[in-house]
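Below: one structure, written as structure tokens.
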Amino acid sequence: LTESLAVGLTVENGRCAGVRHLVGGAERENRAREQVVLALGAIDTPRLLMLAGIGDPAELGRIGIPTVHALSGVGRNLQDHPLAQACVFRAKRPLGPVTGNSGGSMVNWKSRSDLPQADLHAFPVQGNSAEPAIRARYEISGDVFSFGAGVMRSKSVGHLRLLEARPGGALEIQPNFLAEPEDLEAMVTAVEAVIEMAAARANAHVFAGFAAPDRRLSRKETVAFVRDACSTFFHTCGTCRMGEDEEAVVDSRLAVRGMGGLTVADASVIPIIPSCNTHAPATMIGERAADFILQAA
């Protein structure tokens, strides 16, 4: 099955009985003895569920997919950490990729003193790591270094929708970055801080001036810069969230609600995005799914 594309699920009498794949251009079915476990991530797990007719009947009907099992929360509750990528600064000497590991240092701090824990995260990157909109607006050439800044306790919530009823078809992925005023305020605070970090005396041996932005900005200008620079932190989660209410997709044992033989074991089940990289939580979810399946065997 290496390099095959999962295109659907076989559902019989309220139970997931197998997975359909495209292998060499031909569809092939693999039957499950006990369980089908989906670990496709927060984008492709809800995609496959919806292609199989498991989701919001209104959304499925919009693109002509018959409803097999109604679960209105599939594809909703999409969450990610917004990342300002990035503030770029001119360097006094070459700082190419071989001069560091791009992840060897970072800083976490609070955007407001009354918060219970740090909500902002920043890290340096050798070279230019700016988003296309920032590259287009500013002249960034020569030796540079960058700072990325992220909001790690973000509140904004988005969604994922199928635009076509076919495997590999187009998706609408709407994270709604910075939709909540609290997220925007925190991101502006983060960008203002990393600009000052880069220009601080401790960095005098490398800092040679501003590139993107090309100067210190007013608060209003920083808001505009943040909106152009905002991108994914690749921490997408929540689109098949765990819970007990009608919008929940899986229960506390990661089983798809109302469907036998189907478990989800990836970051899509996370109900509220954690204030960290999602790798460790996703690993934990996989370990717990294995425990639950073994206990039920």
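The values are calculated or read from the model by the stated rules, or taken from the named source; none is laboratory data. Note that the structure is predicted; figures quoted are calculated from it, not measured. As a convention, Cβ positions derive from the backbone with ideal geometry for all residues, glycine included, and neighbour counts pool all protein chains shown.
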Return the total of residues in region 30-46 being more than 30 Å from the chain's Cα centre (by Cα) and without any contact (Cβ under 8 Å) to a residue 40 or more places away in the chain. 2
For the list (1) among the charged types (D, E, K, R); (2) surrounded by fewer than 22 Cβ atoms within 10 Å (Cβ to Cβ); (3) under 29 Å from residue 116 (Cα atoms), I need the number of the one condition that residue 241 fails. (2)
Only one of (1) part of a loop (DSSP other than H, G, I, E, B); (2) in contact with a Lys or Arg (Cβ under 9 Å, 6 or more places away or on another chain); (3) modelled with pLDDT of 95 or more is not met by residue 211, so which one is it? (1)
Reported set for region 269-294 where residues are touching a residue at least 40 places away in the same chain (Cβ under 8 Å), in contact with a Leu (Cβ under 8 Å, 6 or more places away or on another chain) and not hydrophobic (A, V, I, L, M, F, W, C) is none
With the structure loaded, tell me whether residue 146 is touching a residue at least 60 places away in the same chain (Cβ under 8 Å) and outside any helix (DSSP H, G or I) or whether it fails that test. yes
Quick one: which residue in 129, 111, 105 is more than 30 Å from residue 21 (Cβ to Cβ), touching a helix residue (DSSP H, G or I) at 6+ places or on another chain (Cβ under 7 Å), among the polar types (S, T, N, Q) and in a loop (DSSP other than H, G, I, E, B)? 111
Considering only residues that are part of a strand (DSSP E or B) and in contact with a Gly (Cβ under 8 Å, 6 or more places away or on another chain), look in region 53-75 and name the one that is farthest from residue 19 (Cα to Cα). 70
Any residue at all in region 210-220 that's without any contact (Cβ under 8 Å) to a residue 12 or more places away in the chain, among the acidic types (Asp, Glu) and surrounded by fewer than 18 Cβ atoms within 10 Å (Cβ to Cβ)? no
Within region 5-28, the count of residues that are buried (at least 16 other Cβ atoms within 10 Å of the Cβ), free of Cβ contacts under 8 Å to residues at least 60 places away in the same chain and closer than 26 Å to residue 170 by Cβ comes to 4
Select, from 224, 193, 199, the only residue that is of a type in the set (Gly, Ala, Ser), more than 26 Å from the chain's Cα centre (by Cα) and not assigned by TED's automatic domain parsing to the domain that holds residue 54. 199
Examine region 29-42 for a residue that is assigned to a strand (DSSP E or B), surrounded by fewer than 19 Cβ atoms within 10 Å (Cβ to Cβ), basic (Lys, Arg) and modelled with pLDDT of 95 or more, and state whether such a residue exists. yes
Identify the residue in region 256-282 that is polar (S, T, N, Q) and not in a loop (DSSP other than H, G, I, E, B) and, among all such residues, is surrounded by the fewest Cβ atoms within 10 Å (Cβ to Cβ). 263
Condition met for residue 254 (touching a residue at least 60 places away in the same chain (Cβ under 8 Å), in the same structural domain as residue 49 (by TED's automatic domain parsing) and not hydroxyl-bearing (Ser, Thr, Tyr)): no
Residue that is crowded, with 18+ Cβ neighbours inside 10 Å and in the same structural domain as residue 106 (by TED's automatic domain parsing), where the choices are 135, 153: 153
